[in-house]
Structure formats: C-alpha cells, structure tokens
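Working notes, structure below.
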Amino acid sequence: MIKVVGLGPGHSDYITPMAVQALAEATVVIGYHYYFQFIEHLLDADVLRIGKELSEEEKRADIAIQHALKGASVVVIGSGDASIYAMASIVYQKVAEQKLEIPVETVPGISAFITAGSKLGAILGHDFCCISLSDLMTPWTTIEKRIHAAAMGDFVTGLYNPRSKKRYWQLQTLKDIYLEYRDAATPVAICKQLGRTEEHIQITTLGDLNIEDVDMFCVVLIGNSQTFRYNNNLITPRGYLNRKPQTGLEIQQASFVEIQNNIPTNTLAKDALWAAIRCIHTSGDFEYIKYLQTSEKAIEIWHHYLKSGGAIVTDVTMVQAGITKVYTSKYKNQVVCLLNDPEAVELAAREGLTRTQAGIKLAAQRYPKALFVIGNAPTALIEITDQIHAGTLAPIGVIGAPVGFINVIESKERLKTLEKTSYALIKAKRGGSNFAAAIVNAAFTLDEAKQ
C-alpha cells in the first residue's frame, strides 16, 4: 500500500486528520528531507525514514514501490496537496507503467495557493488557474501558451515555482505577457513561506511587481480584471452583488450598457447616438452606427412632441406593432396606419398608387402635423417628401427607413433635402420596419439615455 500524503504548507495546524492517521499507520516514510522536520512528532520511533533531495522525485517513487512490493505500509510525503505539482503524479504513473497491483491512495492536503487565498481573504472567489513556471520537465513554449491563455481568459492565476537562482527570467516574461491583457493596477500578492514562522505576504500590483522579491519559497497570486484590494484583503467578486439580469427590463438595460461600452468611435450628437444604440440593439450589428443620419436635434424634438401626446403615422402595421405600447399608453399617443383603410384601398385603385402610398396620402390629409414613420415602402416616403416640398404637408418630422432595391436610395436622398422638417434615416439600402420603430422608441426614451 502506498499513500501519497500532502502535509499542507508547513504549520502543524494545516496538517489534516487524514494525513495524521496515514503517518501513524506508516512503516516507511519517503520524501524530501526538508519536510521531515514538520512531521517527526507524528511518526513512531521505528518508522523507516528515507529523505531524498529536491530533484529526486523519480527515485522517491521507485523506492516507494520497492518497499510496497515487500508488504510495507508506505507513505510518500510532500508539502501542500500531494496531487498538485507534487509526488502523486509520478507515483501513480510509475505504478501504471509497470502494471503493478499496488493499492495507491492520495491523502489530500492544503495547497499553497489555497493557503494564500485564505490569507488574502477572497482572491479565489471566481474562476482561477495555476501555472508552474518550472521548465525542467515542461517546455517553455508550452508554458508560454498557457500563460497567454490564462491572461486572455481573465483567470485569477496562481504561480508555482515562480523564480529561483537558475530560473530568473521566466517571471519577468510572464509579467510582460500579462501586461498585454491586464491593467497595470491589477492586484498581485507575493506569499512567502506560508504557514511557517518566516511567513511574509506582500501585496502589490502587476505594474509594480518586483521579481527580485520572489523566490522558490513563494507562491504568487495575480488577480483578474475584477479583483480589488480592501485593507489587506484581495477580493474577486463572484457576482452575488451583480447578478445576471433576469427581467425583460433588466436585460434590455444591460444590453444598452453593453452596447455603450463597446460602441465604435463616432461624432453623433447625444440624441442621435441614443437612436443609434437602439438600432444596434435591434440588429445586434454595430455597423448601424454608420448608417443612422438625423437632422439636428431631431430625436430631442420628437421626444417633446411624443411626451405631449403627438400622433404617429406609419406606412405598415409592422412599424405600428414595433412602437412600444407602454409609451403610447402612457402619453396617450395615437398610432395610425391606413394601409388597410377602405378609403385608402379605393384611392390606390382609382389613382394607380401602391396601397402604402395611398395610405400615407390619406393620412397626410387627416394628420398633417404628425410624426411620419416609414419602415417599408419607398413610395410612401417619396409621397411625404414630395408633399413637404410642395408645401401641402408640414409634419413634426419624418423617419425614413425603407429597405430594398427599387426607389429606396432615391426616397432617402429626397428626405435629406428637407430644410425645415426634422428627419432621421437609415442610409443606403438598409433599414426595415424594426429600425423605424426603434428610432421612435428612442425618441420616447431620450430621458433614459440622459440618465
């Protein structure tokens, strides 16, 4: 029987009862000779003690197997946890390679990075990883890939074997890589001789990390982008105070914040920017920041108009449906679409017009001061702009977002020529009813944008 036992970081308080029991039952104990000082009081006088050098892990495993084959109760000791950068791996590997029927058991211990985490408070509160900087058995090219992955993945990172007399450059290289992904103010802790009388913990930042302060008796913990310092504690939030949005309103607001934090550089005025954000939210496409065009203060003008109960005329029922009813109910707005009005159907047949064009022509007679919103039919937008230029229509504004290939560009170019009527449009052949409605909803909620 072989038990691979983790002794914790060094102090007797950190040795688990399971480890104490395993040591009490052992007839042979094998390990790095330095570790025996921490367990002498736990061993029987007649226990065979075999101490080896730090670099003789393979020899220790071979000796353990030899004694186990003779029927001894063997314990292989290591600091921290036996399965983390310790002897468990080589013992299990040796037994497996030789196809031996020796029972092997790992007795867990308190690892260095867990000890460091508890000493620091809550730095391990979210996803973390550990990387050994020792390239004695792992190629540096592999280690470097893992460093990039951990830094890019925003993991809290524990560093084992961070620096020694012969490995003096790896930690500096890691620091340089992390600074490509993390802010220089990211908290870092250098935890030395944890659990021992020489214990010392230094809290610094990634930018100020002095690699000369680190040696082989240290474990280094690097925070993630959310980790912060409070007094002598490092805290990585799990998200309890910032839970994922759940209600429809919370999800929508979180989406707007996400868009605002990632929106491309632009020169849009604040009211127009809010309309662009609503369009991006509708499409999931940041390209729409380039396709929205408005006249000066158009969204702001419509905001006051709509809050005063102003009427809205749409070309199709899809636009009508897309305007949020919570707003129209609150401000008592009438949203009119005459596409299927019998008089519009008759007018279209009599004058050879499209039904949307006829509906808009009829609406212009009934609601000449309304906000006209076109999300589908370029012929309807042409009808409006032609009437405005002729002086027979003077609406509060026009939203032009027809989508397609025929007459779309021409209708929007007409809209751009308006001098006294505020307008908004989706450039080129892009657009659609959902974008037209999104711009109206932006006007309703401009106060929300200011907040």
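Just a few scattered comments:
- The residues of the chain have, on average, 50 Å² of accessible surface per residue, using a 1.4 Å probe with all protein chains present.
- Shape call, segment 65-154: gyration tensor on alpha carbons, a/c limit 1.5: oblate
- All other residues whose Cβ lies under 13 angstrom from that of Thr421 are scored, Lys and Arg at +1 and Asp and Glu at -1, for a net of +2.
- Using a cut-off of 32 Å between Cα atoms, the listed pairs Lys175/Lys290; Lys369/Lys412; Lys70/Lys165 include Lys175/Lys290; Lys70/Lys165 as exceeding that distance.
- From helices alone, the chain scores -12000 deg cm²/dmol at 222 nm; the rule is -39500 (n - 2.57) for each run of n ≥ 4 DSSP H residues, then divide by the residue total.
- FRET efficiency estimate (nearest 0.05) - Cβ-Cβ, Asp213 to Gln93, R0 35 angstrom: 0.50
- Euclidean distance of C-alpha centroids, segment 119-195 and segment 1-79, integer Å: 29 Å
- Segment Lys427-His33, length gained on full extension (0.36 nm per residue, minus Cα span): 134.2 nm
- Accessible area in the full protein assembly, largest first, 1.4 Å probe, for Phe286, Phe405: Phe405, Phe286
- The angle between the Cα long axis of helix 378-390 and the main principal axis of the chain comes to about 50°, on a 0 to 90 degree scale.
- Leu69 - accessible surface, heavy atoms, 1.4 Å probe, Å² rounded to 10: 110 Å²
- Relative to the dominant Cα principal axis of the chain, helix 355-366 is inclined by about 70°.
- Solvent-accessible area of Arg60 with every protein chain in place, 1.4 Å probe, in Å² to the nearest 10: 10 Å²
- Under 13 Å, Cβ to Cβ, from Met18 - net charge with Lys/Arg +1 and Asp/Glu -1: -2
- When nucleic acids and ligands are ignored and a 1.4 Å probe is applied, Thr141 ends up with an accessible area of around 90 Å².
- Angle of helix 87-97 to the longest C-alpha principal axis of the chain, folded into 0 to 90 degrees and rounded to 10: 80°.
- Shown are Trp140, Trp274, whose ranking by accessible area with a 1.4 Å probe and every protein chain present, most to least, is Trp140, Trp274.
- Cross-link reach list, aspartates and glutamates versus Lys420, counting only Cα pairs under 18 Å and skipping chain neighbours closer than eight places: Glu296, Glu300, Glu383, Asp386
- Under 15 Å from Lys427, Cα to Cα: aspartates and glutamates that are on another chain or at least 8 residues apart: Asp285, Glu287, Glu410, Glu413
- Structure-derived mean projected area of the Cα convex hull in nm² - corresponding label in (1) 31.1; (2) 33.6; (3) 19.9: (1)
- Rounded to 0.05, the FRET efficiency of the Glu250 and Asp46 pair, given R0 = 60 Å and the Cβ-Cβ distance, is 0.35.
- Ordered from largest to smallest accessible area (heavy atoms of protein chains, 1.4 Å probe), the residues Trp169, Trp302 come out as Trp169, Trp302.
- Residue range of the chain that is longest and free of GluC sites (Glu not before Pro) which are both DSSP loop and sparsely packed (at most 12 other C-beta within 10 Å): 297-418
The values are calculated or read from the model by the stated rules, or taken from the named source; none is laboratory data. Since this is a predicted model, take the numbers as computed values, not measurements. Positions of Cβ are backbone-derived with ideal geometry, glycine not excepted, and every protein chain shown enters the neighbour counts. Each accessible area value is taken on the protein alone, full model and side chains, heavy atoms only, with ligands, DNA and RNA left out. Shrake-Rupley method; radii C 1.70, N 1.55, O 1.52, S 1.80 Å.
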